[in-house]
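Asker: Let me give you the structure first, and then I'll get to my questions.
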Amino acid sequence: MQTMQVKNDFPILDKVLYGKYPLVYLDNAATTQKPRQVVEAMTEEYYNVNANVHRGVHFLSQQATELHEASRETVRRFLNARSTAEIVFTRGTTESINLVASCFGWAFMKEGDEVILSEMEHHSNIVSWQLLQARQGIRLRVIPITDDGLLNMDEYEKLFNERTRIVSVTHVSNVLGTINPVRDIIRIAHEHGVPVLIDGAQSTPHMPIDVQELDCDFFAFSGHKIYGPTGIGVLYGKEDWLDRIPPYMGGGEMIKNVSFEHTTFGELPFKFEAGTPDYIASTGLARALDYIRSIGFEYIEAHERDLTTYAMQRMMEIEGMHIFGPKDITHHDAVISFLVGTIHHLDMGTLLDRLGIAIRTGHHCAEPLMHRLGIEGTCRASFALYNTREDIDALVDAIHRISQMF
Ligand code: PMP
């Protein structure tokens with residue numbers, strides 16, 4: 001598979017910024033660009049199918065329902081879940097994590113009970129538990145990281161006690177690029193009889209996921225980070241857990257019968273899907289997953305590993321360059337956070353933008369991690385299947401130019 005061929009599927013990558021700089025898009029950990037196949041499938045559905053799902057007896061409604069449920073099956077296959085009952089459509093990783101924190105917390109946690117998180121979590125996997133803390137008096141326990149940006153697994157094991165109810169950790173850090181040993185995390189938690197939620201926002205675009213093999217109890221990801229549309233994401237949950245936790249929101253679609261005295265809830269996964277779902281976005285997500293399948297993770301992993309290795313090597317040529325996160329590439333995914341000398345991350349990001357290069361700057365919704373690192377923020381370049389070594393050369397050349405200005 002040629003990267004140039006892949007690039008042709010993403011029209012936005014042809015953009016020229018400020019009249020002369022070809023766009024070099026390296027902000028993929030924030031959101032990925034969308035291939036034609038995704039955008040066209042969604043447009044086609046709006047033009048030719050659009051009708052509300054699940055409720056209608058008419059032709060279009062049935063067709064829209066079939067498409068929506070076929071998309072659920074595509075997601076099931078992507079994660080290798082046992083059943084579509086285990087695939088809940090949400091608005092994204094944030095909503096998926098909030099759903100678990102709220103509903104699992106409500107059903108199974110009381111004052112003094114504990115959730116184990118890590119020092120490298122995204123705010124969505126911190127604040128959602130703090131809301132539960134405020135409501136129900138639960139406690140947050142935090143796995144520290146090592147100076148290399150890895151989870152300290154010895155400390156992790158020590159955090160378990162009789163009050164531990166759930167572990168909720170990220171698969172891949174959106175700042176450090178660390179690939180966490182989720183199999184070990186899950187095995188150890190299960191030895192203590194504790195379920196595990198994995199935040200897959202940064203892993204799903206880069207590596208194959210098999211929720212049965214991982215044996216995670218919950219798994220969350222976002223469509224927009226995996227070449228799909230915004231506004232849709234997934235919560236995978238083992239059927240047994242989803243059966244036992246109460247619904248998140250009330251409304252249409254999630255009920256069997258309603259009276260003022262008593263309401264019965266719908267079957268899984270509909271119990272968790274109140275209201276009209278984004279059935280156009282589910283089609284877009286399914287086409288994005290088809291697109292990834294057509295390219296294959298074998299290619300994606302090899303290509304992105306090459307890019308990350310090349311970027312680390314080339315970036316280290318720059319005087320004053322500091323790269324955060326694991327140096328060992330086997331633990332490091334396609335995200336590189338860096339600072340150069342005393343140049344402020346915001347200045348670097350702004351000046352790179354003027355040269356057509358899109359990176360992210362700031363705390364990356366991981367302020368506790370910034371505190372641990374003793375910094376305010378970083379510059380972050382993150383790669384996707386359509387990036388090339390030339391993109392990295394452009395980044396390195398531009399950083400050289402900017403460094404000289406300071
Ligand atoms: N977790 C991680 C690790 C992330 O990188 C992000 C997005 N930056 C999220 C959660 C939240 O994802 P979303 O905004 O799509 O809900």
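Asker: Go through the range 282-367 and name the trypsin sites (Lys or Arg not before Pro) that are in a DSSP coil and have 12 or fewer other Cβ atoms within 10 Å of their Cβ. Could you put the intermediate results ahead of the total?
Answerer: Values: sites: R287, R293, R305, R314, K327, R354, R360; in loops: K327.
Filter output for the range 282-367: K327.
Asker: Also, quick follow-up: Taking the range 88-174, which GluC sites (Glu not before Pro) meet the DSSP loop condition and have no more than 15 other C-beta atoms within 10 Å? The partial results should precede the final answer.
Answerer: Values: sites: E95, E111, E114, E119, E121, E155, E157, E162; in loops: E111, E119, E121, E162.
Answer by residue number: E111, E162.
Asker: Spin-label point model (7 Å from Cα, Cβ direction): what's the L159 to F260 distance in nm?
Answerer: Reported label-point gap for L159 and F260 is 4.8 nm.
Asker: If you roll a 1.4 Å probe over the range 314-405 with all protein chains in place, what percent of the accessible area is carbon or sulfur? Mind showing how you got there, number by number?
Answerer: Details: 2010 of 3860 Å².
The nonpolar share, carbon plus sulfur, comes to 52 percent.
Asker: Still on this structure: Could you list the trypsin sites (Lys or Arg not before Pro) in the range 156-204 that lie in coil according to DSSP, counting only those with at most 11 other Cβ atoms within 10 Å of their Cβ?
Answerer: Working: sites: K158, R163, R165, R183, R187; in loops: R163.
Within the range 156-204, no trypsin sites (Lys or Arg not before Pro) qualify (loop, at most 11 other Cβ atoms within 10 Å).
Asker: While we're here: Across all directions of projection, what mean area in square nanometres is found for the Cα convex hull of the range 239-320? Please report the intermediate quantities before stating the final value.
Answerer: Working: hull surface 41.3 nm².
Directional mean of the projected Cα hull area for the range 239-320 stands at 10.3 nm².
Asker: Compare E319, E273, E73, E44 by solvent-accessible area with a 1.4 Å probe and give them largest first, with all protein chains kept in place.
Answerer: On the way: E319 165, E273 15, E73 60, E44 95 Å².
Putting E319, E273, E73, E44 in descending order of accessible area: E319, E44, E73, E273.
Asker: With θ taken as phi - 60° and the coefficients 6.51, -1.76 and 1.60, list the Karplus ³J(HN,Hα) couplings across the range 19-33 in order, rounded to whole Hz; mark glycine and proline as x.
Answerer: Calculated HN-Hα couplings, in order: x, 8, 9, x, 4, 10, 9, 10, 10, 6, 6, 7, 7, 9, 6 Hz.
Asker: Continuing with the same structure: Taking a ≥ b ≥ c as the square roots of the Cα gyration tensor eigenvalues, with a/c under 1.5 meaning rounded and otherwise prolate when a/b beats b/c, else oblate, which class fits the range 29-131?
Answerer: Values: a/c = 2.68, a/b = 1.84, b/c = 1.46.
The shape class here is prolate.
Asker: I'd like the orientation of helix 182-191 relative to the chain: the angle between its Cα long axis and the longest Cα principal axis, in ° from 0 to 90, rounded to 10.
Answerer: Approximately 40 degrees, to the nearest ten.
Asker: Shifting gears a bit: Could you tell me which of the pairs K34/K271; K110/K238; K20/K327; K15/K327; K158/K327 are separated by over 28 angstrom between their Cα atoms in the structure shown? Could the numbers behind the result be given before it?
Answerer: Values: K34/K271 30 Å; K110/K238 22 Å; K20/K327 35 Å; K15/K327 33 Å; K158/K327 26 Å.
Over 28 Å Cα-Cα: K34/K271; K20/K327; K15/K327.
Asker: At a 1.4 Å probe radius, which order do D347, D113, D393 fall into by accessible area, largest first?
Answerer: Values: D347 70, D113 0, D393 40 Å².
Final ranking, largest accessible area leading: D347, D393, D113.
Asker: Using a 1.4 Å probe over the heavy atoms of the protein chains, calculate the carbon and sulfur portion of the accessible area of the range 40-293 as a whole percent.
Answerer: Working: 5140 of 10270 Å².
Carbon and sulfur atoms account for 50 percent of the accessible area of the range 40-293.
Asker: In nm², what is the average projected area of the convex hull enclosing the Cα atoms of the range 289-405? Could the numbers behind the result be given before it?
Answerer: Numbers: hull surface 31.3 nm².
Value for the range 289-405: 7.8 nm².
Asker: Among Y18, Y299, Y386, what's the order by accessible area (1.4 angstrom probe), most exposed first? Don't skip to the end; give the middle numbers.
Answerer: Values: Y18 125, Y299 45, Y386 0 Å².
So, going from the largest accessible area down, we get Y18, Y299, Y386.
Asker: So, one more: ³J(HN,Hα) across the range 285-297 via Karplus (A = 6.51, B = -1.76, C = 1.60, θ = phi - 60°), whole Hz, x for Gly/Pro?
Answerer: 4, 4, 5, 5, 5, 4, 4, 4, 5, 5, 8, x, 5
Asker: Could you state the angle between the C-alpha long axis of helix 36-48 and the longest principal axis of the C-alpha atoms of the chain, as a value from 0 to 90 degrees rounded to the nearest 10?
Answerer: Relative to the chain, helix 36-48 is tipped by roughly 40 degrees.
Asker: I would also like to ask the following. Using a 1.4 Å probe, how large is the accessible area of T90, given in Å² and rounded to the nearest 10?
Answerer: Spelled out: T90, probe radius 1.4 Å, area about 10 Å².
Asker: With viscosity set to 1.306 mPa s and temperature to 10 °C, compute the Stokes-Einstein D of the range 40-293, Rh being the Kirkwood radius across alpha carbon pairs; µm²/s, no decimals.
Answerer: Values: Rh = 18.8 Å.
It comes out at roughly 84 µm²/s.
Asker: For the charge dipole of the range 108-216, defined by +1 on Lys and Arg C-beta atoms and -1 on Asp and Glu C-beta atoms about the Cα centroid, which residue among H123, S168, F108 has the Cα displaced farthest towards the positive pole?
Answerer: Of the options given, the answer is F108.
Asker: Determine, from the Cβ-Cβ distance of A134 and R389 and an R0 of 41 Å, the FRET efficiency 1/(1 + (r/R0)^6), rounded to the nearest 0.05.
Answerer: Working: r = 48 Å, r/R0 = 1.17.
That pair, A134 with R389, gives E of 0.30.
Asker: Here's something else I'd like to know. Give me a comma-separated list of calculated 3J(HN,Hα) values for the range 164-171, in order, Karplus coefficients 6.51, -1.76, 1.60 applied at θ = phi - 60°, integers in Hz, x for any Gly or Pro.
Answerer: 6, 10, 7, 10, 9, 9, 7, 6
Asker: Classify the range 213-370 from the C-alpha gyration tensor, please: rounded if a/c falls under 1.5, else prolate or oblate depending on whether a/b exceeds b/c. Don't skip to the answer; put the middle values down first.
Answerer: Working: a/c = 2.54, a/b = 2.20, b/c = 1.15.
Here the range 213-370 falls in the prolate category.
Asker: Provide the FRET efficiency to the nearest 0.05 for the R183-T342 pair, computing r from the beta carbons and using R0 = 45 Å.
Answerer: Numbers: r = 40 Å, r/R0 = 0.90.
Efficiency at R0 = 45 Å is approximately 0.65.
Asker: How many percent of Cα pairs in the range 97-202 exceed 20 Å?
Answerer: Details: 1810 of 5565 pairs.
It works out to 33 percent of all Cα pairs.
Asker: List the residues, sorted by chain then number, that are 5 or more residues from H332 or on another chain and whose placed amide H is less than 5 Å from its amide H.
Answerer: Under 5 Å from the amide H of H332: I179.
Asker: When the helices in the chain are scored as -39500 (n - 2.57) per DSSP H run of 4 or longer and the sum is shared across all residues, what 222 nm value do you end up with, to the nearest 500 deg cm²/dmol?
Answerer: Numbers: 14 runs with 165 residues, N = 406.
Computed mean residue ellipticity for the chain: -12500 deg cm²/dmol.
Asker: Quick check for me: using +1 on Lys/Arg Cβ and -1 on Asp/Glu Cβ, what's the dipole size of the range 40-293 about its Cα centre, in debye to the nearest 20? Please list the in-between numbers first.
Answerer: Numbers: 22 positive and 35 negative charges, 82 e Å.
Dipole size: approximately 400 debye.
Asker: Moving to a separate point now. Just the accessible area per residue of the range 192-271, please: how many Å² with a 1.4 Å probe? Provide the component values of the computation, followed by the final result.
Answerer: On the way: 3070 Å² over 80 residues.
Value returned for the range 192-271: 38 Å² of accessible area per residue.
Asker: How tilted is helix 389-405 with respect to the longest principal axis of the chain? Cα atoms for both, answer in degrees (0 to 90, nearest 10).
Answerer: Helix 389-405 sits roughly 60 degrees off the main axis of the chain.
The values are calculated or read from the model by the stated rules, or taken from the named source; none is laboratory data. Everything numeric here is computed off the predicted structure, so don't read it as measured data. Please note: Cβ atoms are built from the backbone with ideal geometry, for glycine as well, and neighbour counts cover all protein chains shown. These accessible areas exclude ligands, DNA and RNA; they are computed on the full protein's heavy atoms, side chains included. Shrake-Rupley method; radii C 1.70, N 1.55, O 1.52, S 1.80 Å.
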